[in-house]
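Below is one structure, written out as structure tokens; comments come after it.
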Amino acid sequence: MEILRQLYDWNERTFWNSLTKKLMSFLLLFFIDVGYLGIYFHQKGVVTEALNASGANPEALQRVLASLDNGLMLMVGLTVVALLWNVLQIVYIRYLILRPVRLISTIFDEIARGEGDFSRNLPTISHDELRTLAQSYNRFADKMRQIISEVRQMSVNIAREAVLVRKTVAVTASRASRQGEIADAVFGASNEATQAIHEVSASAETISHSTDSNLDSARHSLSEMHEIVVKVQSVSDKLNSFNGTVDQLATRSDSIRQIAGLIKDIADQTNLLALNAAIEAARAGEMGRGFAVVADEVRKLAERVNVATQEINENIGGMISLVKETQRENEMINTDIQQARQVVERSSGEFQRMVSDFERTGDQLNQIASAMEELSATNGQVHEAVVQVHTLSNEVAASMESSEHSTGKLSAATESVQELVSRFKIGRGVFDYNVEQARKALVTMEARLAQLEARGVNI
């Protein structure tokens, strides 16, 4: 099949490379008719020889030859008619085909030369496939006119939007640059804040350790204060017990003094009785001498008892005085101890509050330390975000610069598209009218400049 296709292509390219040559192929029918005439002359000669050889009647032979000549004339006439018909058909078909084809070719040549004139439609002068072709082309041209009109409108819109986008991109690029500067400032502030947070965190940790140490010392002091309170209370209890003992001693001393007074009274009575007995013994004479001796001894005993009682009273009085002095001193000591206990209790309460304050302060410092750690972590995240914002700002600035360059290219490309579509004529719309007026003005201006240049004006 490939060989046949190549052979057909060579044959058409060599012998039938125009529509006229292809139409001339209809003349082959005439040559076939000529071949028929040749065959007819040959067969006529054969028949004539056969009839002559057979000795046929001359009149019959003459009629046969006349009939054959009539047939020949008829065939020649038909051949001439066929030739004329073929020639007329070739001319007519060539006219029907070549005229629209040449018109189409002319229009396409005008479009190909750069004029791009889609304002003309192909005339529908025939009633065959060429008419269908012309109608199809006209629909295609109308669609192209619509597309070119839309492309023009779109190119104008794109050009306008490109200018707006370029302006917006320029403003955005400026803002992105400003954002980059702000991001740099925030980045520096974030670094300083990070360093300050680390310093504050370290200071808070140091204060927390110091507070914990002071809290331990305060707790130890509070424990000692509690022990002092317990010991002071114990001393106070012992002193109260001692006061009770002293009170009992004073009570018993007073009882002893009362007993001593009673003994003194008894001794005085005994002395008085001994005196009375001595008087009675003196009255009795010799009989009462023994009784007098006993009375004298009793009197002496009573005097000694009285002296001893006096000494006892004096000693008891001194002891009672000492006991009272001891009671007063003990009361003063007890008062001082109570005051000391109150002071110690107040100090213990203050230490307790101070310890509580230290504990709260320690808890707050721990919370501050935890908050500082969280703040440090959050600030780290913020710092990373600031770094990302800084990087993104630089990328956005670069992208905006690239976008600005791209919008410039887009504007240039849009202008090129507008220039390209302005070459096409669609025969309708304001754009075509304006382009045509601009071209006329350009031609007029060029002619005017040429005239000025011809006059010697230095343009």
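Read-outs: derived from the displayed coordinates by stated rules, not from any lab. Please read these numbers as outputs of a predicted model, since none were measured by experiment. Virtual Cβ from ideal backbone geometry, glycine too; neighbours counted across all protein chains shown.
Summary of computed values
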read-out	value
Efficiency of FRET from Cβ geometry, Gln342 and Ala398, R₀ 60 Å, rounded to 0.05	0.15
Gain in span if fully extended, Gln135 to Arg353, counting 0.36 nm per residue against the direct Cα distance	67.6 nm
Of Ala295, Ser376, Met319, farthest towards positive along the dipole that unit charges on Lys, Arg, Asp, Glu beta carbons give region 159-422	Ala295
Packing-based exposure ordering (other Cβ within 10 Å, fewest first) of Lys409, Lys44	Lys409, Lys44
Rounded to whole Hz, the Karplus (6.51, -1.76, 1.60) HN-Hα couplings of region 67-83, x for glycine and proline	5, 5, 5, 4, x, 5, 4, 5, 5, 5, x, 4, 5, 5, 4, 4, 5
